[in-house]
Structures are given as structure tokens and as C-alpha cells.
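Q: I am attaching a structure below and will ask some questions about it afterwards.
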Amino acid sequence: MVAYQTHPSEANVPGAVDPLTNHAESRSTLAHPRQVGGVLELFERAQLMTDLEAVEQLLLVRATSQSEVITSASTHTIRSGGKRLRAALALLAARLGQYDLPNVIHAAAAVELIQAASLVHDDLVDQAARRRGRVTVHARWDNDVALMVGDFFFALASREMALSPDPRIITYYAQAVQTIVEGELSPVTLIEPVAPALEQYYYKTGAKTASLFEAACKAGMAAGGGDEGQIVALGRYGFALGMAFQIIDDILDFTSDEVTLGKPAGNDLRQGTITLPLIYAVARTGSSRLRALIEQGLPTEAQVRAAIAEVTAAGGIDAAMAEARRFISEASAQLAAFPASPAHRALVDLAHFVIYREA
Ligand code: FPP
Ligand code: MG
């Protein structure tokens, strides 16, 4: 049985497999649980792994193109994996309703394809050398290939949306992509005064990260036949979870290291990117050294290390962490109206994983 719909052009694509029945034929690209701080154990407990593997296989099937270079670069990107959190959110949200994998698999694949498109383009814009420990597309091939592969992923995502059972799913994802692009062009320029700096930071974080979490949850709930109230609640859960996720990402840039992150730590300070720990540190100490560092641009490695120490000593990390916890409480509260179930438990646990993850 084919658990997902094929595109007409795929019938003769070599290596095209049924993601549900043919797992053994292509190697899983999902990361090992130890590499992602236990989130896969959480998925295993929720008996989500088989379905996530099906999404993974679908992504690999879709990555195959008439163009050899597109196939290589898109397969390279898909195999770089990641936690597949957004796909998991779509699947878990659908499980709160009437769950049927063929109904939701396209929405789960679409969100990972949008994420892949945005990261390939983001690495191109930032000229980043590594992502998730692997060389980026523009660095391994060139800028033109990265631009085209991002567009290719985006087209693939559109086709997955079109295969989804509920047209509202297209609207949710289209809205998220629009917001991501607007957010990308809306930098945080203020480090103080604290109120407008926070306003800029929250707008940007909501746009670039939380909007897609929100859309994944709404799409999953719609695919599961949820009513409007349930879709709104799941969207709010996803948005708050995404805010916490990005705040933790910004904290990890201060507290982690390149081996754990799969990309250089301290990058935000190095690139003059203003994030929550820095805003809170300056609000608490009024430090002119931190302000000068951002204004001057191109800090030395010693200055980056000193700034990380200063932000930590000022309590910037702790304050940002408290804010992330507040978003997690907000997310969990949205689940209160749903009856207990393994999927409900997994969504609650996921909120805690987001806070305690190490990479
Ligand atoms: C990563 O954030 C960046 C994004 C999630 C969004 C990037 C969006 C675009 C380039 C616009 C194109 C969008 C689509 C949907 C095709 P980051 O730079 O803070 O994180 P990082 O440190 O992991 O790079
Ligand atoms: Mg980036």
C-alpha cells in the first residue's frame, strides 16, 4: 500500500520507495537519540518513529530531480537531518484528532521542506560554512546552486501542500512563509532602551521561527479534522513553543560549543546580531563595553569571549531562560482542553525538551 500520493512525474524515478513499507532499503537520516538530547526517545515513547521515518523517506523521494546537481545538493541537505521537530508537531497535532498518516504526511513533509528552503537560503545570505556539522550547500557547490536548491525545496513544499486534504493547510504555510520572509528583512537594530529592543526581538523571533511552528501545529490539527477552536489552540501552542525554542537557540549561542551545536558558537556576537541575553544584560548593567562591541562590528575572538562572560555574569542568560520558561507555560496551557493521550503527553514533554535541549 502506498501511504502517500505520488507526483505523476515520479513513477519512474529510480530509488523511489514507499516510505511506509520500504524503510530498510534506504538508510534512515534521522539522528541518533543521543545526538539530540533525548527528543527521539520522546518520539519513541509516543510511538511516532515509524511515521517520522515515513516522512523522512518521503523527503528523500522528493529530493530526486531530473537535474543531477539538484538531486545531490537536496539529498545532502535532507541527509543533514535535524530533529524533524516541525514534522513531529504536525503528526502529534493530527493525533489529537482523527489520525490517519496518509492524511497528514504531506503537511509534515511540507513543513520540513519549507524549513530546508529557508535554511539553505539563510546560509547563502549569511555565507555560513557549516550547518548541523555539515558543509552548507553554497560552500559545497556554489551560490547559484544554493539559490536554486532553496527554490526547489520551496516548490516541493507547495506540491506537498496541494496533496494535503484541507486547503486551509496551504493558507497556514503560505502565511508562515510570508511572515518568515518579512522577519528576515526586519533586523533587531536596538540593544536599548529595553522596551523597543524587546519589541524588535520578539517580532523577529516570532516571524523567523515561531510562525512556522504555529503553522505546523495548525496544519496537523486541520489534517486531524480539528474544529476551528482546536486549530487556534494548537497554533498558539506552536507559536509559544517556537518562541521558547528560538530563545534557547539564542542562549545556546552563548553557552554551548561548536561540536555540540554543529555550527560555530558565539556567532551572534561575532556578526553583531542582538539577541535576548544581550538585551537583558545591557538592561541590567548598562554596560557600555557590550554596546560598543556591537556598534564596532568585527570583534576579536578575545572580545567575543569577554562579552559572553559579561552577559553571563550580568544574568542575561538567566533572564532569557526565565522568559523561555514563561513561553513554555503559555504553550502547555493551550493543551489543557485536550483529553489525555500519548500524543498529548508528547506535546507537553516536547515543551520541556525545548527548554532542556543542548543543541
Ligand atoms: C535561521 O535563523 C533563519 C531562518 C529560520 C529564516 C531564514 C529565511 C530566509 C532566508 C528567507 C527565505 C525563506 C523561505 C521560506 C524560502 P538564524 O540565522 O538566526 O539561525 P542560524 O544560526 O541557525 O542560521
Ligand atoms: Mg543564519
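Q: What do you get for the angle between helix 211-223 and the principal long axis of the chain? Use alpha-carbon atoms, 0 to 90 degrees, nearest ten.
A: Value to nearest ten degrees: 30.
Q: Once both labels are modelled 7 Å past Cα along the beta-carbon direction, what's the A302-S67 spacing in nm?
A: Computed distance between label sites A302 and S67 equals 4.7 nm.
Q: Still on this model: What do you get for Rg/Rh over the stretch 210-359 if you use C-alpha atoms and the Kirkwood form of Rh?
A: 1.08
Q: Related question: Residue separation times 0.36 nm, minus the C-alpha to C-alpha distance between R168 and D257: what's the value?
A: In short, 28.0 nm is gained.
Q: Right, something else. Per residue of the stretch 347-352, what does 6.51 cos²θ - 1.76 cosθ + 1.60 with θ = phi - 60° give for ³J(HN,Hα)? Whole Hz please, x for Gly and Pro, Karplus curve as stated.
A: Result, rounded to whole Hz: 5, 5, 5, 4, 4, 6.
Q: What is the gain in length, in nm to one decimal, between T285 and Y356 on full extension, counting 0.36 nm per residue of separation less the C-alpha to C-alpha distance?
A: Full extension from T285 to Y356 adds 22.9 nm.
Q: Moving on to the next point. With θ set to phi - 60° and the Karplus curve 6.51 cos²θ - 1.76 cosθ + 1.60, what are the ³J(HN,Hα) couplings of the stretch 259-270 in order, to the nearest whole Hz, using x for Gly and Pro?
A: Couplings: 4, 5, 7, x, 8, x, 7, x, 4, 4, 5, 4 Hz.
Q: Apply the Karplus parameterisation 6.51 cos²θ - 1.76 cosθ + 1.60, with θ equal to phi minus 60°, to every residue of the stretch 226-240 and state each ³J(HN,Hα) to the nearest whole Hz, in sequence, with x for glycine and proline.
A: x, 7, 4, x, 5, 5, 5, 4, 5, x, 5, 4, x, 5, 5
Q: Under a crude label model (7 Å from the Cα following the beta-carbon direction), how far is E184 from A336 in nanometres?
A: Placing both labels 7 Å beyond Cα along the Cβ direction yields 3.8 nm.
Q: So what is the relative contact order for the chain, in percent, with contacts set as C-alpha pairs under 8 Å and at least six apart?
A: This gives 18 percent for the chain.
Q: Binning at 10 Å from 0, report for the chain what percent of all alpha-carbon pair distances ends up in each bin.
A: With 10 Å bins starting at 0, P(r) equals 5, 25, 34, 24, 10, 2, 0.
Q: What does the stretch 53-207 give for Rg and for Dmax, in Å, if only its C-alpha atoms count?
A: 16.7, 53
Q: Rounded to the nearest 0.05, what FRET efficiency is calculated for E192 and D144 with R0 set to 51 Å and r the Cβ-Cβ distance?
A: With a Förster radius of 51 Å, E is 0.80.
Q: How high is the FRET efficiency from E44 to S329, r the C-beta distance, R0 30 Å, rounded to 0.05?
A: E between E44 and S329, to the nearest 0.05, is 0.70.
A short reminder: the numbers here are calculations on the coordinates, not readings from a lab. Only a predicted model underlies this, so the values are computations on that prediction, with no experimental measurement involved. As a convention, Cβ positions derive from the backbone with ideal geometry for all residues, glycine included, and neighbour counts pool all protein chains shown.
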